[in-house]
1. Given charges of +1 on the Cβ of Lys and Arg and -1 on the Cβ of Asp and Glu, with all other atoms neutral, how large is the dipole of the stretch B:65-206 about its Cα centre, in debye to the nearest 20?
2. What does the convex hull of the alpha-carbon atoms of the stretch B:65-206 project to on average, in nm²?
3. May I ask you to order B:58-68, B:144-154 by the average number of other C-beta atoms within 10 Å around their residues, highest value first?
4. How much of the accessible area of the protein assembly as shown, probe 1.4 Å, is carbon plus sulfur, in whole percent?
5. Under unit Cβ charges (Lys, Arg +1; Asp, Glu -1), what dipole magnitude, rounded to 20 debye, does the stretch B:10-62 have relative to its Cα centre?
6. Along the principal axes of its C-alpha atoms, what lengths does the stretch A:130-211 span, in descending order and rounded to whole Å?
7. Let me know the charge dipole size of the protein assembly as shown about its Cα centre in debye, to the nearest 20, where only the beta-carbon of Lys, Arg (+1) and Asp, Glu (-1) is charged.
8. In terms of modelled amide H atoms, which long-range or inter-chain residues lie less than 5 Å from the amide H of A:Met207?
2 protein chains.
Amino acid sequence: MSDTCDKADKRQKLLEVAESLFAKHGFEAVSVRQLAAEADVNLSMVSYYFGSKDGLFQEMIKSKFPQTRSVLEDLAQSDIHPWEKLTITIDMYVDKFFLGRAFHRVIMREMSLQQRPEHVNLIREHMARSQELIRGFIHEGQKKGLFRYVDVELTIATLFGTLSSAINQGALTCSMLKETNLEALYSDQNRERYKQHLKALLHAHLMTAGV
Amino acid sequence: MSDTCDKADKRQKLLEVAESLFAKHGFEAVSVRQLAAEADVNLSMVSYYFGSKDGLFQEMIKSKFPQTRSVLEDLAQSDIHPWEKLTITIDMYVDKFFLGRAFHRVIMREMSLQQRPEHVNLIREHMARSQELIRGFIHEGQKKGLFRYVDVELTIATLFGTLSSAINQGALTCSMLKETNLEALYSDQNRERYKQHLKALLHAHLMTAGV
DNA sequence: ATAAAAATCAAACAAACGTTTGATTTTTAT
DNA sequence: ATAAAAATCAAACGTTTGTTTGATTTTTAT
(Lines give C-alpha, C1' and ligand atoms only; values in the text may rest on other atoms or scores of the structure.)
Protein backbone atom coordinates (compact mmCIF):
# COMPACT_ATOMS: atom_id res chain seq x y z
CA MET A 1 0.00 0.00 0.00
CA SER A 2 2.79 2.36 -0.91
CA ASP A 3 2.14 5.82 -2.30
CA THR A 4 3.66 5.81 -5.75
CA CYS A 5 6.67 3.56 -5.98
CA ASP A 6 6.17 -0.06 -6.87
CA LYS A 7 9.75 -1.06 -6.39
CA ALA A 8 12.99 0.24 -7.81
CA ASP A 9 11.43 2.66 -10.25
CA LYS A 10 12.56 5.41 -7.95
CA ARG A 11 15.58 5.26 -10.16
CA GLN A 12 13.41 5.88 -13.20
CA LYS A 13 11.58 8.66 -11.38
CA LEU A 14 14.90 10.36 -10.70
CA LEU A 15 15.80 10.21 -14.39
CA GLU A 16 12.48 11.78 -15.38
CA VAL A 17 12.74 14.49 -12.75
CA ALA A 18 16.32 15.17 -13.84
CA GLU A 19 15.29 15.72 -17.44
CA SER A 20 12.53 18.10 -16.43
CA LEU A 21 14.48 20.12 -13.88
CA PHE A 22 17.72 20.29 -15.87
CA ALA A 23 15.74 21.47 -18.88
CA LYS A 24 13.98 24.12 -16.84
CA HIS A 25 16.87 25.51 -14.81
CA GLY A 26 20.13 24.11 -16.16
CA PHE A 27 22.50 21.58 -14.65
CA GLU A 28 24.32 23.79 -12.16
CA ALA A 29 21.19 25.52 -10.89
CA VAL A 30 19.49 22.28 -9.86
CA SER A 31 20.66 20.84 -6.56
CA VAL A 32 20.70 17.19 -5.62
CA ARG A 33 18.29 18.07 -2.83
CA GLN A 34 15.81 19.51 -5.33
CA LEU A 35 16.09 16.43 -7.50
CA ALA A 36 15.58 14.08 -4.56
CA ALA A 37 12.65 16.09 -3.19
CA GLU A 38 10.89 16.25 -6.56
CA ALA A 39 11.40 12.53 -7.14
CA ASP A 40 10.31 11.81 -3.58
CA VAL A 41 13.44 9.86 -2.71
CA ASN A 42 16.16 10.32 -0.16
CA LEU A 43 18.99 12.72 -0.89
CA SER A 44 21.65 10.05 -0.77
CA MET A 45 19.95 7.85 -3.37
CA VAL A 46 21.38 9.95 -6.17
CA SER A 47 24.90 8.95 -5.25
CA TYR A 48 23.74 5.44 -4.43
CA TYR A 49 22.18 4.90 -7.85
CA PHE A 50 24.33 6.99 -10.15
CA GLY A 51 27.53 7.60 -8.22
CA SER A 52 27.15 11.35 -8.41
CA LYS A 53 25.02 14.19 -9.70
CA ASP A 54 27.10 14.12 -12.85
CA GLY A 55 26.48 10.38 -13.18
CA LEU A 56 22.74 10.98 -13.01
CA PHE A 57 23.05 13.52 -15.77
CA GLN A 58 24.98 11.18 -18.04
CA GLU A 59 22.57 8.31 -17.44
CA MET A 60 19.69 10.63 -18.28
CA ILE A 61 21.34 11.61 -21.55
CA LYS A 62 22.08 8.04 -22.52
CA SER A 63 18.67 6.66 -21.60
CA LYS A 64 16.78 9.46 -23.30
CA PHE A 65 18.80 9.77 -26.45
CA PRO A 66 16.21 8.95 -29.03
CA GLN A 67 16.55 6.28 -31.64
CA THR A 68 15.94 8.23 -34.82
CA ARG A 69 18.89 6.94 -36.76
CA SER A 70 17.15 3.70 -37.70
CA VAL A 71 14.42 5.67 -39.45
CA LEU A 72 17.04 7.57 -41.42
CA GLU A 73 18.91 4.36 -42.25
CA ASP A 74 15.73 2.81 -43.60
CA LEU A 75 15.15 5.93 -45.67
CA ALA A 76 18.69 5.78 -47.02
CA GLN A 77 18.13 2.31 -48.44
CA SER A 78 14.69 3.12 -49.78
CA ASP A 79 14.06 3.82 -53.46
CA ILE A 80 11.81 6.84 -53.04
CA HIS A 81 12.58 10.27 -54.45
CA PRO A 82 15.36 12.06 -52.53
CA TRP A 83 13.05 14.99 -51.96
CA GLU A 84 10.53 12.74 -50.30
CA LYS A 85 13.29 11.44 -48.04
CA LEU A 86 13.90 15.02 -47.00
CA THR A 87 10.25 15.82 -46.35
CA ILE A 88 9.95 12.74 -44.16
CA THR A 89 13.13 13.77 -42.37
CA ILE A 90 11.80 17.29 -41.82
CA ASP A 91 8.49 16.03 -40.44
CA MET A 92 10.30 13.68 -38.11
CA TYR A 93 12.72 16.25 -36.72
CA VAL A 94 10.09 18.94 -36.22
CA ASP A 95 8.08 16.49 -34.12
CA LYS A 96 11.20 15.26 -32.37
CA PHE A 97 12.35 18.73 -31.37
CA PHE A 98 8.94 20.13 -30.48
CA LEU A 99 7.58 17.18 -28.54
CA GLY A 100 10.89 16.38 -26.85
CA ARG A 101 11.84 20.01 -26.29
CA ALA A 102 12.80 19.56 -22.62
CA PHE A 103 15.42 17.00 -23.54
CA HIS A 104 16.68 19.00 -26.48
CA ARG A 105 17.05 22.09 -24.34
CA VAL A 106 19.33 20.10 -22.05
CA ILE A 107 21.58 18.64 -24.70
CA MET A 108 21.81 21.92 -26.64
CA ARG A 109 22.87 23.70 -23.49
CA GLU A 110 25.51 21.07 -22.86
CA MET A 111 26.83 21.69 -26.36
CA SER A 112 26.79 25.41 -25.79
CA LEU A 113 28.62 25.31 -22.47
CA GLN A 114 31.33 22.85 -23.55
CA GLN A 115 32.18 22.26 -19.93
CA ARG A 116 31.90 18.49 -19.88
CA PRO A 117 33.77 17.18 -22.92
CA GLU A 118 32.43 13.65 -22.46
CA HIS A 119 28.88 14.90 -22.85
CA VAL A 120 29.78 17.09 -25.79
CA ASN A 121 31.43 14.19 -27.60
CA LEU A 122 28.61 11.77 -26.84
CA ILE A 123 26.00 14.17 -28.21
CA ARG A 124 28.11 15.30 -31.13
CA GLU A 125 28.90 11.80 -32.36
CA HIS A 126 25.28 10.78 -32.13
CA MET A 127 23.96 13.77 -34.04
CA ALA A 128 26.82 13.76 -36.53
CA ARG A 129 25.93 10.27 -37.68
CA SER A 130 22.32 11.28 -38.26
CA GLN A 131 23.39 14.35 -40.15
CA GLU A 132 25.69 12.23 -42.27
CA LEU A 133 22.67 10.27 -43.44
CA ILE A 134 20.81 13.45 -44.32
CA ARG A 135 23.89 14.56 -46.24
CA GLY A 136 23.54 11.33 -48.20
CA PHE A 137 19.98 12.18 -49.19
CA ILE A 138 21.04 15.52 -50.61
CA HIS A 139 24.10 14.11 -52.37
CA GLU A 140 21.91 11.45 -53.96
CA GLY A 141 19.56 14.14 -55.27
CA GLN A 142 22.49 16.11 -56.58
CA LYS A 143 24.01 13.14 -58.39
CA LYS A 144 20.69 12.37 -60.01
CA GLY A 145 20.41 15.94 -61.22
CA LEU A 146 17.37 16.58 -59.06
CA PHE A 147 19.00 18.95 -56.57
CA ARG A 148 21.15 22.00 -57.09
CA TYR A 149 24.76 21.95 -55.90
CA VAL A 150 24.16 24.01 -52.80
CA ASP A 151 26.29 24.14 -49.65
CA VAL A 152 25.08 20.84 -48.22
CA GLU A 153 26.61 21.15 -44.75
CA LEU A 154 25.25 24.62 -44.11
CA THR A 155 21.87 23.63 -45.50
CA ILE A 156 21.67 20.96 -42.82
CA ALA A 157 22.97 23.47 -40.28
CA THR A 158 20.06 25.72 -41.25
CA LEU A 159 17.54 22.94 -40.74
CA PHE A 160 18.79 22.11 -37.26
CA GLY A 161 19.47 25.74 -36.41
CA THR A 162 15.90 26.75 -37.14
CA LEU A 163 14.53 23.99 -34.91
CA SER A 164 17.12 24.51 -32.21
CA SER A 165 16.28 28.20 -31.99
CA ALA A 166 12.56 27.50 -31.78
CA ILE A 167 13.29 25.40 -28.71
CA ASN A 168 16.02 27.44 -27.06
CA GLN A 169 15.04 31.00 -27.87
CA GLY A 170 11.36 30.36 -27.32
CA ALA A 171 10.64 33.75 -25.80
CA LEU A 172 12.07 35.50 -28.84
CA THR A 173 10.30 33.26 -31.35
CA CYS A 174 7.13 33.71 -29.34
CA SER A 175 7.10 37.49 -29.64
CA MET A 176 7.90 37.24 -33.34
CA LEU A 177 5.01 34.88 -34.01
CA LYS A 178 2.77 37.07 -31.84
CA GLU A 179 2.08 34.20 -29.48
CA THR A 180 1.20 35.35 -25.98
CA ASN A 181 1.59 32.01 -24.23
CA LEU A 182 5.04 30.43 -24.45
CA GLU A 183 3.73 26.89 -24.57
CA ALA A 184 1.30 27.84 -27.35
CA LEU A 185 4.38 28.20 -29.50
CA TYR A 186 4.62 24.42 -29.51
CA SER A 187 1.03 23.73 -30.53
CA ASP A 188 0.09 21.29 -33.30
CA GLN A 189 -0.68 24.32 -35.43
CA ASN A 190 2.76 25.85 -35.13
CA ARG A 191 4.37 22.47 -35.56
CA GLU A 192 2.64 22.24 -38.94
CA ARG A 193 3.72 25.78 -39.69
CA TYR A 194 7.35 24.90 -39.12
CA LYS A 195 7.06 21.81 -41.28
CA GLN A 196 5.55 23.80 -44.12
CA HIS A 197 8.12 26.55 -43.84
CA LEU A 198 11.10 24.22 -43.81
CA LYS A 199 9.79 22.25 -46.77
CA ALA A 200 9.11 25.39 -48.79
CA LEU A 201 12.51 26.79 -47.88
CA LEU A 202 14.50 23.68 -48.79
CA HIS A 203 12.37 23.02 -51.86
CA ALA A 204 13.17 26.42 -53.31
CA HIS A 205 16.78 26.05 -52.32
CA LEU A 206 17.41 22.54 -53.59
CA MET A 207 15.08 21.64 -56.43
CA THR A 208 16.30 22.34 -59.93
CA ALA A 209 13.99 24.52 -62.00
CA GLY A 210 12.94 21.75 -64.35
CA VAL A 211 11.23 19.51 -61.80
CA MET B 1 54.69 52.17 -12.04
CA SER B 2 51.68 49.94 -11.62
CA ASP B 3 51.31 46.68 -13.47
CA THR B 4 48.23 47.11 -15.62
CA CYS B 5 45.64 49.37 -14.04
CA ASP B 6 45.84 53.08 -14.68
CA LYS B 7 43.09 54.00 -12.32
CA ALA B 8 39.53 52.84 -11.95
CA ASP B 9 39.40 50.79 -15.10
CA LYS B 10 39.44 47.77 -12.87
CA ARG B 11 35.72 48.14 -13.20
CA GLN B 12 36.02 47.89 -16.98
CA LYS B 13 38.37 44.96 -16.65
CA LEU B 14 35.78 43.15 -14.55
CA LEU B 15 33.15 43.71 -17.24
CA GLU B 16 35.44 42.30 -19.93
CA VAL B 17 36.42 39.30 -17.83
CA ALA B 18 32.75 38.70 -17.01
CA GLU B 19 31.79 38.57 -20.68
CA SER B 20 34.58 36.15 -21.44
CA LEU B 21 34.09 33.82 -18.48
CA PHE B 22 30.28 33.83 -18.55
CA ALA B 23 30.44 33.01 -22.26
CA LYS B 24 32.88 30.20 -21.65
CA HIS B 25 31.33 28.56 -18.59
CA GLY B 26 27.90 30.03 -17.94
CA PHE B 27 26.71 32.37 -15.21
CA GLU B 28 26.28 29.87 -12.38
CA ALA B 29 29.54 28.05 -13.04
CA VAL B 30 31.68 31.17 -12.71
CA SER B 31 32.44 32.20 -9.15
CA VAL B 32 33.05 35.73 -7.95
CA ARG B 33 36.47 34.53 -6.86
CA GLN B 34 37.29 33.45 -10.41
CA LEU B 35 36.10 36.76 -11.81
CA ALA B 36 38.14 38.74 -9.31
CA ALA B 37 41.25 36.63 -9.85
CA GLU B 38 41.06 36.87 -13.63
CA ALA B 39 40.51 40.63 -13.49
CA ASP B 40 43.29 40.95 -10.92
CA VAL B 41 41.12 42.75 -8.37
CA ASN B 42 40.06 41.95 -4.86
CA LEU B 43 37.14 39.62 -4.32
CA SER B 44 35.02 42.23 -2.60
CA MET B 45 35.28 44.72 -5.44
CA VAL B 46 32.52 42.96 -7.33
CA SER B 47 30.00 43.82 -4.64
CA TYR B 48 31.59 47.22 -4.19
CA TYR B 49 31.23 48.16 -7.84
CA PHE B 50 28.09 46.34 -8.95
CA GLY B 51 26.28 45.47 -5.74
CA SER B 52 26.35 41.77 -6.49
CA LYS B 53 27.37 39.12 -8.97
CA ASP B 54 23.98 39.52 -10.61
CA GLY B 55 24.53 43.27 -10.81
CA LEU B 56 27.80 42.72 -12.64
CA PHE B 57 26.02 40.47 -15.10
CA GLN B 58 23.31 43.03 -15.84
CA GLU B 59 25.82 45.82 -16.27
CA MET B 60 27.77 43.66 -18.70
CA ILE B 61 24.65 42.99 -20.76
CA LYS B 62 23.66 46.65 -20.87
CA SER B 63 27.10 47.95 -21.69
CA LYS B 64 27.75 45.40 -24.41
CA PHE B 65 24.40 45.37 -26.15
CA PRO B 66 25.36 46.36 -29.64
CA GLN B 67 23.86 49.23 -31.57
CA THR B 68 22.84 47.62 -34.81
CA ARG B 69 19.35 49.01 -35.04
CA SER B 70 20.47 52.33 -36.46
CA VAL B 71 21.97 50.55 -39.48
CA LEU B 72 18.68 48.76 -40.09
CA GLU B 73 16.72 52.00 -39.67
CA ASP B 74 18.88 53.71 -42.26
CA LEU B 75 18.33 50.77 -44.61
CA ALA B 76 14.58 50.97 -44.06
CA GLN B 77 14.47 54.54 -45.30
CA SER B 78 16.80 53.92 -48.20
CA ASP B 79 15.60 53.53 -51.78
CA ILE B 80 17.72 50.52 -52.73
CA HIS B 81 16.29 47.21 -53.85
CA PRO B 82 14.73 45.21 -50.98
CA TRP B 83 16.97 42.29 -51.84
CA GLU B 84 20.04 44.46 -51.39
CA LYS B 85 18.71 45.52 -48.00
CA LEU B 86 18.61 41.85 -47.08
CA THR B 87 22.11 41.07 -48.32
CA ILE B 88 23.48 43.98 -46.31
CA THR B 89 21.53 42.74 -43.30
CA ILE B 90 22.89 39.21 -43.73
CA ASP B 91 26.48 40.43 -44.02
CA MET B 92 26.04 42.55 -40.93
CA TYR B 93 24.54 39.84 -38.75
CA VAL B 94 27.03 37.16 -39.78
CA ASP B 95 29.85 39.49 -38.72
CA LYS B 96 27.97 40.51 -35.60
CA PHE B 97 27.38 36.95 -34.43
CA PHE B 98 30.78 35.54 -35.42
CA LEU B 99 32.95 38.37 -34.13
CA GLY B 100 30.88 38.95 -31.01
CA ARG B 101 30.25 35.28 -30.36
CA ALA B 102 31.21 35.38 -26.69
CA PHE B 103 28.54 37.97 -25.99
CA HIS B 104 25.96 36.19 -28.10
CA ARG B 105 26.59 32.93 -26.31
CA VAL B 106 25.79 34.65 -23.04
CA ILE B 107 22.55 36.30 -24.13
CA MET B 108 21.33 33.21 -25.99
CA ARG B 109 21.89 31.13 -22.90
CA GLU B 110 19.96 33.66 -20.83
CA MET B 111 17.09 33.30 -23.29
CA SER B 112 17.30 29.55 -23.13
CA LEU B 113 17.33 29.33 -19.34
CA GLN B 114 14.52 31.83 -18.76
CA GLN B 115 15.57 32.08 -15.16
CA ARG B 116 15.93 35.84 -14.94
CA PRO B 117 12.85 37.39 -16.59
CA GLU B 118 14.34 40.89 -16.54
CA HIS B 119 17.21 39.75 -18.72
CA VAL B 120 14.91 37.79 -21.02
CA ASN B 121 12.66 40.79 -21.56
CA LEU B 122 15.56 43.19 -22.09
CA ILE B 123 17.11 40.97 -24.74
CA ARG B 124 13.80 40.04 -26.35
CA GLU B 125 12.60 43.61 -26.78
CA HIS B 126 15.93 44.66 -28.24
CA MET B 127 16.06 41.86 -30.79
CA ALA B 128 12.35 42.01 -31.58
CA ARG B 129 12.65 45.61 -32.75
CA SER B 130 15.50 44.72 -35.07
CA GLN B 131 13.59 41.79 -36.47
CA GLU B 132 10.58 44.03 -37.05
CA LEU B 133 12.70 46.14 -39.37
CA ILE B 134 13.84 43.06 -41.30
CA ARG B 135 10.21 42.05 -41.60
CA GLY B 136 9.65 45.42 -43.20
CA PHE B 137 12.30 44.72 -45.86
CA ILE B 138 10.59 41.48 -46.86
CA HIS B 139 7.11 43.00 -46.83
CA GLU B 140 8.32 45.79 -49.05
CA GLY B 141 9.70 43.27 -51.53
CA GLN B 142 6.44 41.34 -51.44
CA LYS B 143 4.30 44.43 -52.06
CA LYS B 144 6.46 45.38 -55.01
CA GLY B 145 6.06 41.90 -56.48
CA LEU B 146 9.77 41.16 -56.10
CA PHE B 147 9.47 38.58 -53.33
CA ARG B 148 7.28 35.53 -52.98
CA TYR B 149 4.67 35.41 -50.22
CA VAL B 150 6.65 33.14 -47.94
CA ASP B 151 6.27 32.73 -44.18
CA VAL B 152 8.10 35.93 -43.24
CA GLU B 153 8.41 35.32 -39.51
CA LEU B 154 9.83 31.83 -39.87
CA THR B 155 12.16 32.99 -42.62
CA ILE B 156 13.65 35.45 -40.17
CA ALA B 157 13.70 32.70 -37.53
CA THR B 158 15.73 30.60 -39.93
CA LEU B 159 18.24 33.39 -40.49
CA PHE B 160 18.84 33.92 -36.78
CA GLY B 161 18.56 30.22 -35.99
CA THR B 162 21.33 29.34 -38.42
CA LEU B 163 23.64 31.94 -36.91
CA SER B 164 22.67 31.18 -33.36
CA SER B 165 23.44 27.50 -33.86
CA ALA B 166 26.80 28.26 -35.41
CA ILE B 167 27.70 30.09 -32.21
CA ASN B 168 26.06 27.87 -29.61
CA GLN B 169 26.46 24.40 -31.09
CA GLY B 170 29.95 25.08 -32.32
CA ALA B 171 31.26 21.59 -31.64
CA LEU B 172 28.51 20.05 -33.74
CA THR B 173 28.91 22.52 -36.59
CA CYS B 174 32.64 21.98 -36.40
CA SER B 175 32.45 18.25 -36.98
CA MET B 176 29.96 18.77 -39.79
CA LEU B 177 32.23 21.23 -41.57
CA LYS B 178 35.19 18.93 -40.92
CA GLU B 179 37.00 21.62 -38.99
CA THR B 180 39.42 20.23 -36.43
CA ASN B 181 39.99 23.38 -34.45
CA LEU B 182 36.90 24.89 -32.85
CA GLU B 183 38.04 28.47 -33.31
CA ALA B 184 38.83 27.80 -36.98
CA LEU B 185 35.07 27.55 -37.40
CA TYR B 186 34.93 31.31 -36.99
CA SER B 187 37.60 32.16 -39.53
CA ASP B 188 37.13 34.81 -42.20
CA GLN B 189 36.75 31.98 -44.69
CA ASN B 190 33.85 30.35 -42.89
CA ARG B 191 32.28 33.73 -42.23
CA GLU B 192 32.18 34.25 -45.99
CA ARG B 193 30.82 30.76 -46.43
CA TYR B 194 27.92 31.50 -44.10
CA LYS B 195 27.20 34.77 -45.89
CA GLN B 196 27.13 33.03 -49.26
CA HIS B 197 24.95 30.22 -47.99
CA LEU B 198 22.40 32.48 -46.35
CA LYS B 199 22.17 34.71 -49.40
CA ALA B 200 21.73 31.74 -51.74
CA LEU B 201 19.16 30.22 -49.44
CA LEU B 202 17.06 33.35 -49.04
CA HIS B 203 17.46 34.30 -52.69
CA ALA B 204 15.99 30.99 -53.84
CA HIS B 205 13.29 31.21 -51.23
CA LEU B 206 12.22 34.80 -51.75
CA MET B 207 12.92 35.95 -55.29
CA THR B 208 10.18 35.52 -57.85
CA ALA B 209 11.17 33.51 -60.89
CA GLY B 210 11.11 36.46 -63.27
CA VAL B 211 13.95 38.43 -61.71
C1' DA C 1 12.71 -19.01 9.85
C1' DT C 2 16.93 -16.96 9.14
C1' DA C 3 20.95 -14.92 7.49
C1' DA C 4 23.05 -12.38 3.75
C1' DA C 5 22.24 -8.63 0.51
C1' DA C 6 20.14 -4.61 -1.10
C1' DA C 7 17.76 -0.47 -0.33
C1' DT C 8 16.64 3.42 2.37
C1' DC C 9 17.23 7.03 5.51
C1' DA C 10 18.63 10.99 8.83
C1' DA C 11 22.57 13.16 9.94
C1' DA C 12 26.94 15.00 9.33
C1' DC C 13 30.94 16.08 6.17
C1' DA C 14 34.23 19.16 4.02
C1' DA C 15 34.33 22.42 0.43
C1' DA C 16 32.73 26.29 -2.18
C1' DC C 17 29.56 29.73 -2.67
C1' DG C 18 28.13 35.05 -2.63
C1' DT C 19 28.43 38.63 0.50
C1' DT C 20 29.88 41.65 4.50
C1' DT C 21 33.00 43.60 7.62
C1' DG C 22 36.40 46.60 9.43
C1' DA C 23 41.00 48.00 8.99
C1' DT C 24 44.18 50.15 5.76
C1' DT C 25 45.83 52.54 1.86
C1' DT C 26 45.13 55.89 -1.77
C1' DT C 27 43.01 59.81 -3.67
C1' DT C 28 40.79 64.24 -3.47
C1' DA C 29 39.97 68.80 -1.81
C1' DT C 30 40.88 72.49 1.11
C1' DA D 1 49.74 69.94 5.35
C1' DT D 2 45.59 67.94 6.59
C1' DA D 3 41.18 66.07 6.94
C1' DA D 4 37.37 63.96 4.49
C1' DA D 5 36.22 60.62 0.88
C1' DA D 6 37.00 56.86 -2.03
C1' DA D 7 39.21 52.65 -3.05
C1' DT D 8 41.31 48.45 -1.72
C1' DC D 9 42.21 44.50 0.89
C1' DA D 10 42.47 40.14 3.98
C1' DA D 11 39.60 37.80 6.71
C1' DA D 12 35.45 35.98 8.20
C1' DC D 13 30.36 35.55 7.64
C1' DG D 14 26.37 32.41 7.15
C1' DT D 15 24.53 29.33 3.41
C1' DT D 16 24.39 25.96 0.32
C1' DT D 17 26.63 22.72 -2.27
C1' DG D 18 27.70 17.49 -3.54
C1' DT D 19 28.96 13.58 -1.12
C1' DT D 20 29.67 10.12 2.67
C1' DT D 21 28.60 7.73 6.74
C1' DG D 22 26.55 4.35 9.67
C1' DA D 23 22.36 2.79 11.42
C1' DT D 24 17.95 0.81 10.01
C1' DT D 25 14.55 -1.22 7.19
C1' DT D 26 13.25 -4.11 3.32
C1' DT D 27 14.08 -7.67 0.09
C1' DT D 28 16.06 -11.98 -1.41
C1' DA D 29 17.50 -16.64 -1.00
C1' DT D 30 18.18 -20.69 1.52
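1. Working: 18 positive and 17 negative charges, 51 e Å.
The dipole magnitude comes to about 240 debye.
2. Working: hull surface 35.0 nm².
So the Cα hull casts an average projection of 8.8 nm².
3. Working: B:58-68: 14.5, B:144-154: 16.5.
Output ranking for B:58-68, B:144-154: B:144-154, B:58-68.
4. Numbers: 9660 of 19330 Å².
Within the protein assembly as shown, the accessible surface is 50 percent carbon and sulfur.
5. Values: 7 positive and 7 negative charges, 21 e Å.
Magnitude of the dipole: close to 100 debye.
6. 45, 25, 17
7. Details: 54 positive and 54 negative charges, 53 e Å.
With Lys and Arg at +1 and Asp and Glu at -1, about 260 debye.
8. Under 5 Å from the amide H of A:Met207: A:Arg148.
The values are calculated or read from the model by the stated rules, or taken from the named source; none is laboratory data. Nothing here was measured: the structure is a model prediction, and the numbers come from that model. Using ideal geometry, Cβ is built from the backbone for each residue, glycine included, and neighbour counts are taken over all protein chains shown. Accessible surface areas use protein heavy atoms only, side chains included; no ligands, DNA or RNA. Shrake-Rupley method; radii C 1.70, N 1.55, O 1.52, S 1.80 Å.
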